[in-house]
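Beneath this line is the structure, given in structure tokens, with notes to follow.
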Amino acid sequence: QEAWQTIPRVTQHDESDITELDLFRKKLKKEHLKSGIRITFLPFLMKACVLALKQFSNLNSSLDHTGNSLIIKRYYNIGIAVDTEEGLVVPVLKGVDKKSIVELSEELMDLSKRSKSKKLKPKEMKGGTFTISSLGGIGGTAFSPIVNPPEVAIMGVSRSKLKPVYYKETQSFEPRLIMPFSISYDHRVIDGALAARFTSKIASILNDVSLFKD
């Protein structure tokens, strides 16, 4: 309620073709099936956000208590909204830029399990610099998440769908897996042009599988 009342929020909507990336994810998932590591799309989103945040540092920041000074963060701690019987909780994965997709997958499994069993430690829900709220596993076409202060931006992800995409070169339509997403942001820090460039950057990152082969 405080965030809603005090932060002038705007939401930028976009989408990304994740066809190749999803094929790569499924390949990785198959490789780690015996080890019990569940490879979801979330770690890829986290890595994509970090790559974009490194270029657009204002989105990885916070306002000080006066609201006059902007604190740019040079570390990347991503909060993940987890749905539990008691409502949403947001555990934070620290140092996402230094971890692989598999390492993030293992950590997500652990945090998700402990979130639902109320075993998270208070320090595991602090220190975030950016948050992702994914409803892709439930449904919907788009939504506008509320900014999670003191952060200045949050990503909302909706369900991916196969859509026909027209290719001018071949003059034909091809089925492609398209993921809708949005960025809600604090308009005191970020303007519409910057937000549009940020979402376009995320879309292009998710379209490049080579960026995730670490």
Practice prompt. Would you list the P(r) distribution for the range 8-49, with all Cα-Cα distances sorted into 10 Å bins from 0 and each bin expressed as a whole %?
Written response: 23, 43, 21, 10, 2
Worksheet entry | Whole-angstrom Cα spans of the range 1-90 along principal axes, big to small | 51, 36, 25
Practice prompt. Determine the sum of side-chain charges near Gln55: Lys and Arg each +1, Asp and Glu each -1, restricted to other residues whose C-beta is under 11 angstrom from that of Gln55.
Written response: +3
Item to complete: Give me the Debye-computed log₁₀ of I(q)/I(0) at q = 0.12 Å⁻¹ for the chain, equal point scatterers on Cα only, no solvent, two decimals.
Response: -0.63
Worksheet item: Given the range 1-70, what count of lysine pairs have C-alpha atoms under 18 Å apart, with each pair 8 or more places apart or on different chains?
Response: 4
Worksheet item: Taking the chain as a Gaussian network, Cα atoms linked when under 10 Å apart, which of Asn77, Asn148, Asn68 shows the biggest mean-square fluctuation?
Response: Asn68
Discussion item. Averaging over every viewing direction, what projected area does the convex hull of the Cα atoms of the range 57-109 cover, in nm²?
Written reply: 5.1
Worksheet item: When the accessible area of the chain is computed with all protein chains present and a 1.4 Å probe, what percentage of it is carbon and sulfur?
Response: 53
Discussion item. Tell me the accessible surface of Val92 in square angstrom (1.4 angstrom probe, heavy atoms of protein chains only), to the nearest ten.
Written reply: 10
Fill in: Among Lys47, Lys201, Lys118: highest mean-square fluctuation, GNM of the chain, C-alpha pairs under 10 Å
Lys118
Fill in: Cα-based reach from Lys119 at 16 Å (exclusive), listing aspartates and glutamates while leaving out same-chain residues under 8 positions away
Asp83, Glu85, Glu86, Glu107, Asp110
Worksheet item: Mean shadow of the range 109-209, computed from the convex hull of its alpha carbons, in nm²?
Response: 8.9
Worksheet entry | Net lengthening on full extension, Arg176/Lys27 (0.36 nm per residue, minus Cα-Cα) | 51.9 nm
Response to the item:
Counting only protein heavy atoms and rolling a 1.4 Å probe, one gets per residue an accessible area for the chain in Å² of 55
Worksheet item: For the range 118-175, what number results from the quotient of the Cα radius of gyration and 2.2 N^0.38 Å?
Response: 1.74
Fill in: Where Arg38, Arg159 fall by accessible area, highest first, once all protein chains stay in place (1.4 Å)
Arg38, Arg159
Discussion item. Can you tell me the convex hull volume per residue for the range 28-80, based on C-alpha atoms, in Å³ to the nearest whole number?
Written reply: 95
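The values are calculated or read from the model by the stated rules, or taken from the named source; none is laboratory data. The structure presented is a predicted model; accordingly, all values stated were derived computationally and were not measured. Methodologically, a virtual Cβ is constructed for each residue, glycine included, from the backbone with ideal geometry; neighbour enumeration extends over all protein chains shown. Calculation scope for accessible area: heavy atoms of the full protein, side chains included, ligands and nucleic acids excluded. Shrake-Rupley method; radii C 1.70, N 1.55, O 1.52, S 1.80 Å.
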